[in-house]
1. Starting from the stretch 72-169, pick out the trypsin sites (Lys or Arg not before Pro) whose DSSP state is loop and whose Cβ has at most 13 other Cβ atoms within 10 Å.
2. Under a plain spin-label model, where a point goes 7 Å from the Cα along Cα-to-Cβ, how far apart in nm are Gln178 and Ala59?
3. Can you give the calculated 222 nm mean residue ellipticity of the chain, where each DSSP H run of n ≥ 4 adds -39,500 (n - 2.57) and the sum is split over every residue, rounded to the nearest 500 deg cm²/dmol?
4. Considering only protein heavy atoms, with the full assembly of protein chains and a 1.4 angstrom probe, order Ser107, Ser171 by accessible area, largest first.
5. May I ask for the angle, rounded to the nearest 10°, between helix 63-77 and the longest principal axis of the chain, with both axes built from Cα atoms and the value confined to 0 to 90°?
6. Straight distance only, please: which aspartates and glutamates reach the Cα of Lys13 with their own Cα at less than 17 Å, same-chain residues fewer than 8 apart left out?
7. For the chain, take the longest principal axis of its alpha carbons; what is the angle in degrees between that and the long axis of helix 2-32, to the nearest 10 within 0 to 90?
8. With a ≥ b ≥ c the root eigenvalues of the C-alpha gyration tensor of the chain, is it rounded (a/c under 1.5), prolate (a/b larger than b/c) or oblate?
Amino acid sequence: MEAVNQQMKIMRKRKVLIALLLSVLLVTGYVVYEYFLKKETIPATVVAGDFLPAGKDAAKMTEKELSEYAQKAADESQFNMRIVSKAAFDQTTMNGKLAIQNPPINSQPVNVVVTLDDTNEVVYNSGAIQPGEEITEAMLEKRLEAGEYQATATFNIYNPATNKKQGEVQSLLTIMVQ
């Protein structure tokens, strides 16, 4: 019996000790929060009812100014491509006439890639063509036998500020190797 009473006393002491330890931890946590972690709240003044003031010096744009502005925006978003639909090349040198223009009215540089329709092989890559530049003669990158080949010229259009591709247009082309 006395052993049971002794065990009960030990259990009570443990419970009191655990309760005391938890109380100390809670008080310590509260003190740490209050002095180190709690941010001071700063009162803010909110002004409600801030309205746009009445007009003073502004005037409507004229119809001409509005149309010029709209036309400029439309022109910058448009792209014109120019390519002659037939190109002739010498069989021995692979040099020939290939007329490609990036008109000065365009605002974007382009890169033209010519691929054969039947094999999808790239036979010409123009490199960058800035607005107002043209190609009149070129050398094919792949040797072709004499004959006519149907091809597609893909105009890759790039953003002039970032040099990132922003679109493409295609045109059919006949390559004649003589």
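1. Lys142, Arg143, Lys164
2. Result: 6.4 nm between the two label points.
3. Estimated from H runs of four or more residues: -9000 deg cm²/dmol.
4. The ranking, largest first, comes out as Ser107, Ser171.
5. Taking the Cα atoms of the chain, the angle to 63-77 is about 90 degrees.
6. The reachable aspartates and glutamates, counting only those whose Cα sits under 17 Å from Lys13, are Glu2.
7. Helix 2-32 sits at roughly 50 degrees to that axis.
8. oblate
The values are calculated or read from the model by the stated rules, or taken from the named source; none is laboratory data. On a predicted model such as this, the values are computed, not experimentally measured, just so you know. Counting neighbours? That spans all protein chains shown, and the Cβs are built from the backbone with ideal geometry, glycine included. For the accessible areas, the whole protein counts, side chains as well, though only heavy atoms, and no ligand, DNA or RNA atoms are used. Shrake-Rupley method; radii C 1.70, N 1.55, O 1.52, S 1.80 Å.
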